[in-house]
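Chemist: If you scroll down you'll find the structure; I have some questions about it.
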Amino acid sequence: MAATGLLLLPTTPPSYHRIVSPTLTIPTDPQLPIPVGLLACQRKHLPSPASHPPTLLITPSRRPIPPRARDYHHKLHDLQISTPTAKCEEEQEGGGQPSDIGIITTAEGKTWDITQVKRHGGHAVHYIRVQNSDSDAQYFSQGAKVTVALGNDGVNRRYDHMSMHTSQHLLSAILETRLNLPTLSWSLTTYPAPCYVELPRSMSIEEITAIQDEANRLVFEGRKVHVEVEELNREQESDVPKHESGRAVGKTLPADYTGGVKRVVVIDGVDRNPCCGTHLPSLHNLQLFLIPQTEALSRSSTTSARLYFLSGPRLIAHLTSSHSLLANTAAILSCGAPLVPDRVGQVVDERKKAEKRVEDLELELAKSVAEDILTEACDQSEERLFVKHLHRTDDAANALGFLSSVSFSFSNTVTEKLPYLLVMTSSPSSQTTSSTSVVLVSGSDEQKVKTAGERLKTEIGVKGGGRGPRWSGKFIGVWKEGREDAAIEDILRALVNE
Ligand SMILES: [Zn+2]
């Protein structure tokens with residue numbers, strides 16, 4: 001039997017947007033901009049990718065929109081389209097909430113991505129991503145009809161912003177009621193990073209847990225959220241105390257607010273807060289997760305703390321990524337997830353021990369190699385400069401370090417009477433044209449060390465330098481026994497006779 005289910009588009013409950021003043025109405029003249037607070041996006045929040053896209057008329061901006069310095073968006077999306085805010089269903093940037101994104105479609109059926117929407121007076125300026133600003137501009141001449149829709153990415157972004165914004169109101173309200181902690185500011189960070197509220201002090205883990213529990217009791221209950229609008233009467237707005245920094249404490253309208261209406265977001269029995277952002281009509285499914293520690297911030301004269309939080313789609317993204325990070329680590333360690341911290345601790349411990357053992361063994365080996373060279377030097381019957389080239393194959397990260405250990409051991413044990421010049425080289429086991437071999441020259445005569453270094457530069461192409469009894473360098477390419485090794489033997493032979 002065929003399924004008879006019908007998937008309905010999301011609808012905002014009629015009780016969500018309430019005009020509480022008998023004299024306030026929504027202007028109906030399409031040429032007039034609608035005051036901020038009564039915009040379409042502020043009345044119907046629950047989005048769908050393309051439900052009833054409004055037709056907008058392109059109008060010229062009354063004044064040129066100044067390009068902002070260092071605003072890279074401006075370069076990328078340098079075509080700005082202005083439409084009256086009356087019908088624009090896209091949330092515009094403001095009040096700490098980033099704008100919607102979406103798709104704009106012209107009468108010809110051509111589409112462009114909207115990357116940002118900004119309010120300039122009564123106009124919504126849509127920033128779109130263009131290929132060619134000259135040829136694309138012809139589709140947006142004055143009076144052209146376009147439709148605007150959120151699209152799938154726009155819907156996801158709107159849900160995320162709504163979830164985080166409504167959760168912030170809930171969190172700030174409980175912090176203030178229970179702990180008398182005002183929210184100094186908050187940040188709706190870019191998805192998927194946690195958002196944060198800034199508080200005058202840090203919080204203990206017990207306080208964080210208690211606040212999270214209380215918030216989630218209201219979430220599970222599914223408290224309703226609605227918006228109340230009325231005419232703005234500035235005289236009635238009481239003065240709100242301000243911090244030294246000038247930031248207003250608690251609930252107030254921004255000082256630069258230019259809308260003609262006062263819009264208050266209400267969480268039933270919990271909070272009333274002036275706000276122009278988009279919100280969900282209930283706390284349903286807004287499980288709040290507080291990162292269980294605050295981050296202390298020190299500014300010039302004040303100390304505050306950030307409390308990070310997640311909810312809704314962002315919380316699910318966080319759980320998904322945390323789970324996959326943990327599962328991948330558990331798979332690498334061949335253990336169950338709960339054992340991961342112990343196993344990682346064990347691996348780090350073992351690695352430290354192994355590194356220490358390698359260091360000890362290298363030291364022991366360096367001494368042994370130095371002793372072999374010394375025996376060879378003592379066996380030399382004639383009284384002349386003892387020269388030696390030693391080439392090693394070594395994949396160590398610091399092959400020069402080992403050569404230095406050998407050189408140090410040798411110079412510590414050799415008697416002052418024996419003049420010597422050592423050239424030690426080390427190459428990785430598998431070599432390509434970009435491989436690096438290291439070279440170390442050391443000796444009892446600083447002048448001879450310097451001469452050997454200069455010749456290694458000119459005859460083999462080693463890049464390097466040195467001071468006193470030590471010269472070191474690097475050789476890029478494949479080190480060949482019959483070529484580089486032979487060249488070093490020639491250099492040493494010549495130096496014995498000089
Ligand atoms: Zn708000």
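Coordinate-derived values only; no laboratory data. Owing to the predicted nature of the structure, the values given are computational and were not obtained by experimental measurement. Note that each Cβ is placed from the backbone with ideal geometry, even for glycine, and that neighbours are counted across all protein chains shown.
Chemist: Please count how many residues of the stretch 256-267 are more than 15 Å from the ligand (Cβ to nearest atom) and touching a Leu at 6+ places or on another chain (Cβ under 9 Å).
Modeler: Total meeting the criteria: 2.
Chemist: On to the next question. For a quick check of your reading: which strands (runs of 3 or more DSSP E) sit entirely within the stretch 138-238 and have at least 1 residues that are more than 14 Å from the ligand (Cβ to nearest atom) and closer than 30 Å to residue 104 by Cβ?
Modeler: It comes to 145-149, 225-231.
Chemist: Take the residues of the stretch 332-349 that are among the hydrophobic types (A, V, I, L, M, F, W, C) and more than 17 Å from residue 322 (Cβ to Cβ): which is surrounded by the fewest Cβ atoms within 10 Å (Cβ to Cβ)?
Modeler: Top of the filtered list is 348.
Chemist: Does the stretch 458-473 contain any residue that is aromatic (Phe, Trp, Tyr) and either over 25 Å from residue 362 (Cβ atoms) or surrounded by fewer than 21 Cβ atoms within 10 Å (Cβ to Cβ) (or both)?
Modeler: For the stretch 458-473, residues aromatic (Phe, Trp, Tyr) and either over 25 Å from residue 362 (Cβ atoms) or surrounded by fewer than 21 Cβ atoms within 10 Å (Cβ to Cβ) (or both): absent.
Chemist: A further question on this structure: Being within 16 Å of the ligand (Cβ to nearest atom), under 25 Å from the mean Cα position of the chain (by Cα) and in a loop (DSSP other than H, G, I, E, B) is the filter here, so list the residues in the stretch 279-309 that pass it.
Modeler: Correct list: 286, 288.
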